[in-house]
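I have placed the structure first, in the form of structure tokens, so that the comments after it can refer back to it.
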Amino acid sequence: MTRGWLLRPLETAVLACVFMLAFRFPGALGGWLEPALALLFPVLLLEGLFKGRHAVWTWVAILGGLLLLYQWVPQTLASKGGLPFGLALLGTVLLSLWEATGLWLVALGSRWAFRRIGPLAATCAAAFLLIGWETWGFHVYPWTWGAAFGSLPWPARSAAFLGASGLSALAWGAGAWTAAHLARGASPRRTLAGPGFAVGLMLLLGGAWHLLPREGGWTLDVAMIQPNFPAGVRWPGMEAEMWRRSDALLKARGWPRPGRATLLLWPESSVLGRDDRRPDLRLSAEAVSRGVAWLFGTEGGPYNLVRGEAAGRPAFVFAKTEPMPFGERTPGPEAFRHWLDGKMGFVSQEAGELKEGCAFAVPTPAGDLHVHPLICSEALLAQRTRRGFDLGHADLLSNHTNDGWFDRSIATDLHAAQIRLRATELGVPLLRATLTGKSGVFREDGRFELWGEPLTEGAYAVDLSWRPIRTPARSAWLLPGLMAGLALVTVLLGWKALARKA
């Protein structure tokens with residue numbers, strides 16, 4: 001008994017490290033470490049729980065993993081948010097407590113199904129509850145377990161069929177299956193059937209991706225400017241400095257060139273201190289004089305905006321539709337939000353809306369190419385991205401990010417890792433333009449490139465060619481359908497178990 005209690009903290013610490021390493025992008029071992037540990041962690045976590053380990057140790061392991069992953073947050077909140085370090089540390093702990101409790105309840109639900117019904121029910125319960133938590137739970141900074149499988153092109157392509165949360169469910173379902181059979185002392189062949197099925201399915205779907213229908217091909221020259229401006233600082237020469245860098249890059253590349261369109265991307269907060277909701281013919285003239293389509297991050301009143309300008313097109317003005325809780329907007333009803341803003345001296349950003357045509361039209365020789373923009377944390381939200389993509393009839397995604405708030409921490413990599421599956425889910429490239437690094441491109445086939453390091457300047461050019469892929473993950477019914485199927489199987493297994501007892 002004494003030895004068991006001595007081993008528990010060590011086991012818990014090892015589990016926390018496994019959790020953290022599964023999401024420390026860019027991963028080691030050529031990208032293999034992330035998916036391997038994302039499959040291993042649920043097995044180790046649930047195996048002890050199913051064998052009778054006290055549930056508190058399970059909760060502590062998840063909490064420890066999150067605290068290791070979020071170790072950069074307190075200093076960032078203190079330096080960028082102006083909070084006392086103690087209060088910043090408290091905020092980080094509260095955030096981690098909330099997220100850990102959500103995953104802990106998933107584990108407890110799976111254990112309940114294992115004890116009452118059996119291994120297959122535990123598998124379905126883990127998958128069902130995890131999809132529900134990731135998709136509909138309240139998150140300050142949304143993330144998905146399945147994002148770890150984006151580190152390699154082959155499993156990343158399976159997100160075209162399952163989505164990121166479908167991959168999360170697959171990992172936790174496989175973990176619950178293995179843990180349940182380990183707890184029952186089943187044969188190795190039966191025990192390993194869960195992870196074998198998960199890996200086999202990802203390989204099968206990664207191959208089936210090549211059979212999905214393609215749309216007409218597009219080509220586009222893309223220029224991105226990463227200025228390394230201080231986060232949140234407004235000064236009058238921002239646009240002029242961005243144009244100086246842009247003109248140098250365009251001249252060096254010889255763009256625009258005959259027969260091809262050029263898209264110039266600037267990140268979130270590249271132009272601050274003015275209201276860009278208003279009509280301004282000068283902005284259109286800037287793009288027209290250079291022969292480019294120009295999409296840039298700006299602001300206007302209580303809105304975080306992107307604005308687009310192109311020859312012969314009206315100005316495209318689009319507000320962020322999902323301001324981050326606490327960071328950008330006080331959560332809660334409007335009356336409470338305004339009251340609390342007044343008490344705190346904080347001004348909440350207002351949310352824009354998703355509506356038909358929410359994409360920037362880029363004139364090209366092949367016709368208008370539609371780019372749906374995602375402002376910073378919006379790219380973390382798979383369902384929000386899918387709705388905007390659908391309403392905008394988009395052919396391409398862009399992400400405009402102000403990652404200057406993160407200093408030199410791993411946060412910009414974590415953000416990149418969590419958004420990369422949007423490209424494979426929707427079958428089009430995702431262009432990532434950041435204020436301070438790392439900018440890059442995520443391709444529809446699961447490959448990706450990121451450039452530079454945090455807090456660096458950069459000017460990048462991409463010669464982009466692609467054919468949009470009609471993926472099953474574009475369907476609004478994918479996740480509800482998966483959840484309905486998992487719930488149905490669990491209920492049927494429960495009825496069968498009750499019938500046996502009767």
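The values are calculated or read from the model by the stated rules, or taken from the named source; none is laboratory data. What you are looking at is a predicted structure, and each value in this text was computed from that prediction instead of being measured. Glycine gets a Cβ as well: all are built from the backbone with ideal geometry, and neighbour counts include every protein chain shown. Ligands, DNA and RNA are stripped out before the accessible areas are found, and what is left, the full protein with its side chains, is counted by its heavy atoms. Shrake-Rupley method; radii C 1.70, N 1.55, O 1.52, S 1.80 Å.
Do you know which residues across the stretch 336-382 are under 30 Å from Leu83 (Cβ atoms), among the small types (Gly, Ala, Ser), open to solvent by 30 Å² or more (accessible area, probe 1.4 Å) and not in a helix (DSSP H, G or I)?
Passing the criteria: Gly345, Ala351.
Looking at the stretch 284-308, which of the residues that are charged (D, E, K, R) and in a strand (DSSP E or B) is least open to solvent (accessible area, probe 1.4 Å)? It would help to see each step written out before you state the result.
Initially, the stretch 284-308 is screened for residues charged (D, E, K, R), giving 286, 290, 299, 307.
Okay, now just the ones that are also in a strand (DSSP E or B), so 299, 307.
Details: Glu299: 30, Arg307: 4 Å².
Taking the candidates together, the pick is Arg307.
When you go through Trp177, Trp112 one by one, which is the residue that is over 20 Å from Arg420 (Cα atoms) and surrounded by 24 or more Cβ atoms within 10 Å (Cβ to Cβ)? Steps first, please.
Working: Trp112 fails: surrounded by 24 or more Cβ atoms within 10 Å (Cβ to Cβ).
Among Trp177, Trp112, only Trp177 is over 20 Å from Arg420 (Cα atoms) and surrounded by 24 or more Cβ atoms within 10 Å (Cβ to Cβ).
Filtering the stretch 226-240 down to residues that are touching a residue at least 24 places away in the same chain (Cβ under 8 Å) and among the hydrophobic types (A, V, I, L, M, F, W, C), which residue is surrounded by the most Cβ atoms within 10 Å (Cβ to Cβ)? If you could, list the steps in order and put the result at the bottom.
Initially, the stretch 226-240 is screened for residues touching a residue at least 24 places away in the same chain (Cβ under 8 Å), giving 226-236, 238-239.
Now restrict to residues that are among the hydrophobic types (A, V, I, L, M, F, W, C): 229, 231, 233, 235, 238.
Details: Phe229: 22, Ala231: 17, Val233: 11, Trp235: 10, Met238: 20.
Here the residue is Phe229.
Are there any pairs with C-beta distances below 6 angstrom linking a residue in the stretch 385-396 that is over 12 Å from Asp368 (Cα atoms) to a residue that is acidic (Asp, Glu), with the two at least 6 apart or on different chains, and if so which?
Pairs that qualify, where the first residue is over 12 Å from Asp368 (Cα atoms) and the partner is acidic (Asp, Glu), are Leu391/Glu356.
Please count how many residues of the stretch 241-283 are part of a strand (DSSP E or B) and either without any contact (Cβ under 8 Å) to a residue 60 or more places away in the chain or more than 30 Å from Gly301 (Cβ to Cβ) (or both). Working first, answer last.
Taking the stretch 241-283 and keeping what is part of a strand (DSSP E or B), we get 262-265.
With the extra rule that they be either without any contact (Cβ under 8 Å) to a residue 60 or more places away in the chain or more than 30 Å from Gly301 (Cβ to Cβ) (or both), the set shrinks to 262, 264.
The total comes to 2.
Please go through the stretch 349-384 and give me each residue that is farther than 21 Å from Thr412 by Cβ, of a type outside the set (D, E, K, R) and touching a Ser or Thr at 6+ places or on another chain (Cβ under 7 Å), ordered by number.
Ala351, Gly352, Leu354, Val371, Gln383
Could you check, for the stretch 430-449, whether at least one of its residues is out of contact with any Pro (no Cβ under 8 Å at 6 or more places or on another chain) and either open to solvent by 20 Å² or more (accessible area, probe 1.4 Å) or at pLDDT below 95 (or both)? Lay out the reasoning, then the answer.
Going residue by residue through the stretch 430-449, those that are out of contact with any Pro (no Cβ under 8 Å at 6 or more places or on another chain) are 430-432, 440, 448-449.
Remaining after also requiring either open to solvent by 20 Å² or more (accessible area, probe 1.4 Å) or at pLDDT below 95 (or both): 448-449.
Looking through the stretch 430-449, at least one residue is out of contact with any Pro (no Cβ under 8 Å at 6 or more places or on another chain) and either open to solvent by 20 Å² or more (accessible area, probe 1.4 Å) or at pLDDT below 95 (or both).
Scan the stretch 58-80 for residues that are part of a helix (DSSP H, G or I), open to solvent by 50 Å² or more (accessible area, probe 1.4 Å) and not aliphatic (A, V, I, L, M) and jot them down.
Answer for the stretch 58-80, where residues must be part of a helix (DSSP H, G or I), open to solvent by 50 Å² or more (accessible area, probe 1.4 Å) and not aliphatic (A, V, I, L, M): Trp59, Gln75, Ser79, Lys80.
If a residue counts only when it is of a type in the set (Phe, Trp, Tyr) and in contact with a helix residue (DSSP H, G or I) (Cβ under 7 Å, 6 or more places away or on another chain), which strands (runs of 3 or more DSSP E) contained entirely in the stretch 411-502 have at least 1 such residues? Give the steps one after another, and end with the answer.
Numbers: elements: 430-434, 439-442, 448-451, 458-466.
By residue number, 439-442.
Hey, among the residues in the stretch 384-397 that are assigned to a helix (DSSP H, G or I) and touching a Gly at 6+ places or on another chain (Cβ under 9 Å), which one's farthest from Ala310 (Cα to Cα)? First the steps, then the outcome.
Residues of the stretch 384-397 assigned to a helix (DSSP H, G or I): 384-391.
Within this subset, residues satisfying the condition of being touching a Gly at 6+ places or on another chain (Cβ under 9 Å) are 386, 391.
Values: Arg386: 25, Leu391: 21 Å.
Selected residue: Arg386.
May I ask you to list the residues in the stretch 316-333 that are open to solvent by 50 Å² or more (accessible area, probe 1.4 Å) and in a loop (DSSP other than H, G, I, E, B)? Give the derivation first.
Quick first cut of the stretch 316-333, residues open to solvent by 50 Å² or more (accessible area, probe 1.4 Å) only: 317, 322, 326-327, 329, 333.
Matches in the stretch 316-333: Glu322, Phe326, Gly327, Pro333.
Counting only residues that are of a type in the set (Gly, Ala, Ser) and surrounded by fewer than 12 Cβ atoms within 10 Å (Cβ to Cβ), which one in the stretch 485-502 is nearest to Ser110 (Cα to Cα)?
Ranking the qualifying residues of the stretch 485-502, first place goes to Ala499.
Give the number of residues within the stretch 139-161 that are over 18 Å from Pro429 (Cα atoms) and in a helix (DSSP H, G or I).
3
What residue, among those in the stretch 32-80 that are over 18 Å from Ala171 (Cα atoms) and of a type in the set (D, E, K, R), is modelled with the highest pLDDT?
This residue is Lys51.
Contact list please: Cβ distance under 9 Å, first residue in the stretch 180-197 and closer than 19 Å to Ala113 by Cα, second residue of a type in the set (S, T, N, Q) and open to solvent by 50 Å² or more (accessible area, probe 1.4 Å), pairs at least six apart or on different chains.
Qualifying pairs under 9 Å: His181/Ser187.
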